[in-house]
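**Student:** For reference, the structure I am asking about is given below.
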Amino acid sequence: MSEGWEPTTVQAATGGAAGRPPGEDEGRRDLMLSGVVTAGGGVYRNVHVSGVGRIEGDVVCERARIDGVMSVRGSLEAQELVANGKATIEGALRGHTLRLSGQIRVDGDCAAEVVELAGALHVDGLVSADEVTIRLYGGSKVRELGGGRIRVLRSWRWGFLTRYRRLTVDAVEGDDIRLEATRARVVRGDQVHIGPGCDVDRVEYRTGLRVDDGAHVRERVQV
């Protein structure tokens, strides 16, 4: 989101409700939620949540920014999403570039060209992108993870919950895969690097496999 953006067309006062999106003949509006606010879903240009916001219904927008807590009772589609805080999407999350920091929960699939996460992630469906980078600062769970270049990296910042910073996933599939602190049933890829803290039942690789000390792989198969 560019600096200096001031959404003015659709606003919601603290404790109020924003209006519904316009008709197609009026063009796309901006939606700004500041304070504790509930708004209706719809098609917008820019969406900005500052505080605690809830959106009832599906949302389609060009850019979205979350600074605080947001829940969407539906799906969210944004070409660019930047989230700092806590976000809950009760449907699917789709876009081009998703940069998420904090706690993110998606009840459906998460699909984009680029996914960057620092924090804790819970996705009931598939996470798919050309590039996926997950930095674990909390326990995370994903049903399936797929992409071209996949990186799951453990945060080395020490804390009381350090040992719980792990990704649990059923299947990981990609071209270039590097995993740390990941519990997976199966990992499939061309170049696969299984790093410290991983526990994997089966790895299927085409070109290369590296397994670091401190990683456990029960079965290795070159295909």
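Every read-out reported here was derived from the displayed coordinates using simple, explicitly stated rules and does not represent laboratory data. It should be emphasised that the depicted structure is a prediction, and the values quoted were computed from it without experimental measurement. So basically every Cβ, Gly included, is an ideal-geometry build from the backbone, and we count neighbours across all protein chains shown.
**Student:** Counting Lys and Arg as +1 and Asp and Glu as -1, what is the net charge of the other residues whose Cβ lies under 10 Å from the Cβ of Ala83?
**Tutor:** +2
**Student:** Give the calculated FRET efficiency between Arg210 and Glu113 to the nearest 0.05, with a Förster radius of 30 Å applied to their Cβ-Cβ distance.
**Tutor:** With R0 = 30 Å, the Cβ-Cβ based efficiency is 0.65.
**Student:** Viscosity 0.692 mPa s, temperature 37 °C: give me the Stokes-Einstein translational D for the stretch 74-223 in µm²/s, with Rh taken as the Kirkwood radius over C-alpha pairs.
**Tutor:** The estimated diffusion coefficient comes to 217 µm²/s.
**Student:** While we're looking at this one, here's another question. Could you pull out every residue, at least 5 positions away or on a different chain, whose amide H is within less than 5 Å of the one on Cys110? Hs are placed 1.01 Å off N in the peptide plane, and Pro or chain starts have none.
**Tutor:** Close amide H contacts, sequence-distant or interchain: Leu93, Leu126, Val127, Ser128.
**Student:** Here's a follow-up. Taking 30 Å as R0, compute the FRET efficiency from the Cβ-Cβ separation of Val36 and His122 and round it to 0.05.
**Tutor:** Here the calculated transfer efficiency is 0.80.
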